[in-house]
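**Student:** Here it is, the structure, as structure tokens.
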Amino acid sequence: MKYGIIGTGAIGGYYGAKLARAGHDVHFLLHTDYDHVLSSGLRIDSCDGDFRLERVCAYASSADMPQCDIVLVGLKSVNNRLLPDLLRPVLHSRTLVVLIQNGIGLEADLQAAMPGVWLAAGLAFICSAKVGPGHIAHQCYGNINIGNYSCPDASLVDALIADLKDAGVGAAAVEYDEARWRKAVWNMPFNGLTVALDTRTDRLLECPSTLVLVKEMMMEVVGAARALGVSGVTEAFADKMIRNTMAMTPYSPSMKLDYDNHRPMEIDYLYTRPIAEARRVGFDMPRLSMLEAALRFKELAH
């Protein structure tokens, strides 16, 4: 299997590097880090053991990349308008494109822009950040679930999962809608609240008032999923996410890092789209709608 990585940052860089380290054929698209990675490789500082890829198949343009069997997209969703042009050179008729991105509606929008492309969702449960050119810090967790959206060949999803496991990554196939909304249970409270309150995940859960608020927001996501007919997104799962977050390393989610570094925040797919999808079937998310408004204000004022 030949792999393409579109967006070699905290997520794409980590999973791509794990696959390459295990001997898989991996080709990395880079932007600002291209020269550094070409000369110095990729460095992964990981709770599971540090490693460096000395030689990386690095490209500054996807037009120079080979056609790939599986493409992992690690771009931030604010750049998804670029995806059709980035993806076309690396696709053949049976390529599986996996969007390892946060939010609701990502695959539907890309499918509309690129009819016929085989798509899946990658739901990464990982604390990872890019801390320098070609340098990724993996703090904890790291499993990834794959939800098939439109790929008619299930063996491709199975092959991806097998390769990830071979690379030391926990991976499993999951039902698409359930997987996207389960990820939203964590993403929607923690990403936005860490920005709005200028804090980290651990501090939100140490304060009794914000712990209650996190749970209330999670239950809005659970309610939205139920209203949309998605099963398996439950209060018990929300409680599990809170326990897991209490146990993990104090963490600034991706939206907080984007805000602190004056980058656009992924508000559209993380908040606007799921709130609109829920409202379409008559379910309101008042706390998360207020959080979305606060994030819009902060982005304009930043």
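The values are calculated or read from the model by the stated rules, or taken from the named source; none is laboratory data. Being a predicted model, the structure only gives us computed values, none of them experimental. Here the Cβ is made from the backbone with ideal geometry for all residues, glycine too, and neighbour counts use every protein chain on show. Just so you know, the surface numbers come from the protein's heavy atoms only, side chains and all, with ligands and any DNA or RNA stripped out. Shrake-Rupley method; radii C 1.70, N 1.55, O 1.52, S 1.80 Å.
**Student:** Counting residues in region 236-279 as N, plug N into 2.2 N^0.38 Å and put the Cα Rg over that result. Intermediate values should be presented prior to the final figure.
**Tutor:** Working: Rg = 13.7 Å, N = 44, 2.2 N^0.38 = 9.3 Å.
Relative to the rule-of-thumb radius for its length, region 236-279 sits at 1.48.
**Student:** Please name whichever of Ile161, Phe28, Ala112 sits farthest to the positive end of the charge dipole of the chain, dipole taken about the Cα centre and charges placed at Cβ: Lys and Arg +1, Asp and Glu -1.
**Tutor:** So the residue we want is Ala112.
**Student:** Quote the relative contact order of region 148-252 in percent (integer), defining contacts as alpha-carbon pairs under 8 Å separated by 6+ residues.
**Tutor:** 29 percent
**Student:** Over the chain, what is the relative contact order in percent, taking alpha-carbon pairs closer than 8 angstrom and at least six residues apart? Intermediate results must be reported in sequence, preceding the final value.
**Tutor:** Working: 567 pairs, mean separation 47.2, N = 302.
Contact order relative to length: 16 percent.
**Student:** Can you give the charge dipole size of the chain about its Cα centre, rounded to the nearest 20 debye, using +1 on the beta carbon of Lys and Arg and -1 on the beta carbon of Asp and Glu?
**Tutor:** 240 debye
**Student:** Under a 5 Å amide H to amide H cut-off, with H placed in plane at 1.01 Å, what residues pair with Cys151 once short-range neighbours are removed?
**Tutor:** The answer is Leu119.
**Student:** Moving on to the next point. With the dipole of the chain worked out from charges on the C-beta (+1 for Lys and Arg, -1 for Asp and Glu) around the Cα centre, which of Ser150, Ser62, His262 lies farthest toward the positive end?
**Tutor:** His262
**Student:** Something else about it: Would you mind working out the accessible area per residue for the chain, using a 1.4 Å probe, and quoting it in Å²? Intermediate values should be presented prior to the final figure.
**Tutor:** Numbers: 12730 Å² over 302 residues.
Ligands and nucleic acids excluded, the result is 42 Å² per residue.
**Student:** What is the total of Lys pairs in the chain with C-alpha atoms under 19 Å apart, excluding same-chain pairs fewer than 8 positions apart?
**Tutor:** Lysine pairs satisfying the spacing and distance rule in the chain number 14.
**Student:** Could I ask something else about it? Relative contact order for region 226-302: what is it in percent, counting Cα pairs under 8 Å that are at least 6 residues apart?
**Tutor:** 32 percent
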